[in-house]
1. Look through Lys429, Lys395 and report the one residue that is basic (Lys, Arg), over 24 Å from Ser306 (Cα atoms) and surrounded by 18 or more Cβ atoms within 10 Å (Cβ to Cβ).
2. Can you tell me which residues in the stretch 426-457 are under 15 Å from Ile416 (Cβ atoms) and either of a type in the set (Asp, Glu) or outside the structural domain of Thr311 (by TED's automatic domain parsing) (or both)?
3. Return the pairs, sorted by first residue and then second, in which the second residue is hydroxyl-bearing (Ser, Thr, Tyr) and exposed (fewer than 15 other Cβ atoms within 10 Å of the Cβ), the first residue lies in the stretch 575-604 and is farther than 19 Å from Asp560 by Cα and assigned by TED's automatic domain parsing to the domain that holds Lys550, the beta carbons are less than 8 Å apart, and the residues are 6+ apart or on different chains.
4. So, Leu241, is that one in contact with a strand residue (DSSP E or B) (Cβ under 8 Å, 6 or more places away or on another chain), farther than 30 Å from Arg80 by Cα and at pLDDT below 95 or not?
5. Quick check: anything in the stretch 531-541 of a type outside the set (Gly, Ala, Ser), touching a Cys at 6+ places or on another chain (Cβ under 8 Å) and part of a loop (DSSP other than H, G, I, E, B)?
6. So, in the stretch 352-370, exactly how many residues are of a type in the set (Gly, Ala, Ser) and farther than 18 Å from Ala329 by Cβ?
7. Under the condition of being within 14 Å of Ala424 (Cα to Cα) and not in a helix (DSSP H, G or I), which residue from the stretch 256-293 is modelled with the lowest pLDDT?
8. Here are the criteria: (1) surrounded by fewer than 21 Cβ atoms within 10 Å (Cβ to Cβ); (2) of a type outside the set (D, E, K, R); (3) at pLDDT below 90. Tell me which single one Ala140 does not satisfy.
Amino acid sequence: MNRFVARRLRALQNLVLTLIFAAGASACGAPSGVAASAPIGSSEPTSAASASEASPTWGADDAPVTVVQFADLECPYTARVAPTVAQIQATYGPSRVRIVWRHSPLPFHHSARAAHEAAATVFALAGNKAFFDFNALALAHQDQLTESMFEAWAAEVGVNRERFVRARQANTEARRVNNDLALAHEHGITGTPTFLVNGLPVPGAYPFEHFQKVIDAELEETQKLLASGVATRDISTLRTLRNFKPPAEPDPEPKAAAKKDDDTTAWQVPIAADDPVRGSPKALVTIVTWSEYQCPFCARLEPTLSKIRETYGDQVRLVWKDNPLPFHAQAIPAAMLARVAYATKGPDVFWQVHDALFENQHDLGDEALKALAAKFGIAYAQVEKGNLHDQAQLKIDQSMSEAADRMVAGTPHSFINGMRLSGAQSFEKFAVVIEAELKKARAVQARGIPAEGVYAEIMKQATPPEAPERREVEPADATSPFRGNAKAKVTIQEFSDFQCPFCKRVNPTLEELEKEFGANLKRVFRHMPLPFHKDAPLAAEASLEAFAQKGNAGFWAYHDALFAAQQDDGGLERPNLEAIAKKLHLNMPRFRAALDSKRHEAKLKADGAAAAKAGISGTPGFVINGYFVAGAQAPSVFRRLIRRALAEPAAAP
């Protein structure tokens with residue numbers, strides 16, 4: 001490549017890094033749309049003269065692949081994708097992949113803005129490593145995003161506490177967050193996480209394998225460019241330029257605009273006999289919507305769905321699927337009430353309760369739900385416990401499992417005869433897809449398929465969902481504590497940290513699963529004390545000494561006591577470790593000698609190596625017969641994979 005072209009490419013490094021795409025409709029926690037917009041931004045090398053103008057970056061300036069991440073520290077999906085980002089780093093290394101962070105706190109995450117300004121302050125004061133360490137703490141403790149915790153975490157990652165406090169009081173880094181938000185807003189990024197890989201959009205918390213395909217394809221192009229004489233430092237910019245496609249001129253007709261929808265795949269979307277349905281079984285178009293009652297965007301979609309029913313009549317039917325989001329505390333109780341209404345009063349009352357829940361979305365507290373139940377003659381005790389409660393919970397879990405299989409991360413999320421349409425889209429956008437699907441359905445009908453069989457016929461040709469994310473982890477040996485049936489068909493390998501609050505939070509879920517699945521489930525504990533939890537390694541060694549002295553029973557008793565002590569004075573410091581050991585009647589001279597000699601340190605390193613090899617970088621992390629779960633997820637997430645594993649002819653240990 002001649003010098004002139006090289007100089008031009010380097011000049012473009014301050015103009016082009018990302019391809020940002022225009023907005024889709026907003027959705028709670030959902031990624032934005034993916035229509036291309038103009039290339040903007042800066043390559044922001046780590047050697048930039050002014051740190052205040054740079055973005056936090058991991059990796060080399062001349063890495064051939066740049067991954068830009070728009071993220072929200074309070075977003076559960078940002079937390080969920082963190083292990084995937086770590087796996088990208090571990091797999092490709094800093095010489096091949098560079099990761100650039102952009103702040104995108106969402107407006108309905110009330111603590112996110114302050115968290116991002118605090119993180120930006122850490123970056124300004126201490127640079128990249130401190131910034132990413134701070135982010136790891138924030139993502140691991142999303143329920144503790146307060147100023148006192150920001151100050152503590154900043155000190156933990158090496159920032160001078162007094163300087164941090166002064167900078168926060170002066171709010172010196174608000175501008176940085178504003179700039180990134182303006183960038184996101186200008187180009188329609190409304191959901192997190194959103195990634196750009198050399199300008200190619202990857203919206204959402206996709207598994208590693210999805211990123212791997214995109215990155216590997218870019219690295220393949222890298223080899224071609226290197227062979228043609230392009231310098232390594234210019235490759236990411238050149239690939240971004242080549243990936244960029246100028247947006248089409250806005251079309252005043254809604255029909256043309258709707259053609260820009262990204263996902264053109266027709267997906268297999270099942271309809272169960274007990275799914276609530278509005279409309280005729282002979283409808284040629286079926287709209288299946290995953291939704292929930294506390295999401296404001298779901299409420300915004302309801303008038304559109306009503307207009308669709310009024311406009312298309314018996315040509316379209318609507319199907320409801322539950323997908324209560326974890327950060328909406330009353331979404332599950334509201335869904336339970338509607339499901340019990342369906343089971344006891346039938347579909348008509350279900351839809352009346354459904355409408356009433358959206359009409360009263362401003363108050364879905366327990367008392368309001370009880371009053372609503374009384375209005376429709378439903379015994380609220382059945383919502384809270386008993387067989388109907390269990391049946392409703394099972395149905396909601398199944399619905400959420402179906403959503404996860406189809407990469408339905410946020411709400412509302414619709415499929416029109418299998419065609420994906422996410423967010424609270426307009427009637428016009430729905431109408432474009434409906435009209436297209438009506439034509440296809442009539443063509444199917446013309447082949448002799450009766451109207452009531454058209455949807456099933458279309459689903460035969462539709463694409464099945466991708467399998468859940470998998471991680472291969474080395475089987476645990478006899479040095480790993482376990483409980484449950486040693487020969488159980490399903491094994492949960494749990495990578496955990498005794499100082500991690502999310503590891504503590506997930507314990508009731510795991511205990512619930514143990515009771516539910518009984519002899520079919522084995523739970524194995526693997527140690528993964530995180531480097532920023534200073535007391536976690538010694539606590540892990542202490543638990544292993546309890547295991548050495550008293551077997552599985554001794555370990556689990558010590559395990560429970562450690563998590564109970566997280567908030568005690570002295571926490572997991574050595575005096576408390578010894579106090580717990582005494583209470584459990586361990587041999588104290590042997591216990592102290594084990595801690596002094598680091599007798600069990602090798603086991604911690606072995607478990608940590610197994611986690612790193614599997615790409616697990618955060619706690620808690622779970623491998624269920626090879627299926628991966630990151631974080632303290634809802635019981636439904638675990639049930640989905642356990643049931644899947646039970647249904648398989650053989651499961652890996």
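1. Exactly one residue qualifies, and that residue is Lys395.
2. Within the stretch 426-457, Glu428, Glu435, Glu437 meet the criteria.
3. Between residues of the stretch 575-604 that are farther than 19 Å from Asp560 by Cα and assigned by TED's automatic domain parsing to the domain that holds Lys550 and residues that are hydroxyl-bearing (Ser, Thr, Tyr) and exposed (fewer than 15 other Cβ atoms within 10 Å of the Cβ), the close pairs are Lys603/Thr479.
4. It is true that Leu241 is in contact with a strand residue (DSSP E or B) (Cβ under 8 Å, 6 or more places away or on another chain), farther than 30 Å from Arg80 by Cα and at pLDDT below 95.
5. Yes, the conditions are met somewhere in the stretch 531-541.
6. 1
7. As a first pass, look at the stretch 256-293 and keep what is within 14 Å of Ala424 (Cα to Cα): 258, 261, 287-293.
Within this subset, residues satisfying the condition of being not in a helix (DSSP H, G or I) are 261, 287-293.
Details: Asp261: 42, Ile287: 98, Val288: 98, Thr289: 97, Trp290: 96, Ser291: 96, Glu292: 94, Tyr293: 95.
This residue is Asp261.
8. Status for Ala140: all satisfied but (1).
The values are calculated or read from the model by the stated rules, or taken from the named source; none is laboratory data. Values in this document were obtained by computation on a predicted structure and should not be read as measured data. Don't worry about glycine lacking a Cβ; one is built from the backbone with ideal geometry, like all the others, and counts go over all protein chains shown.
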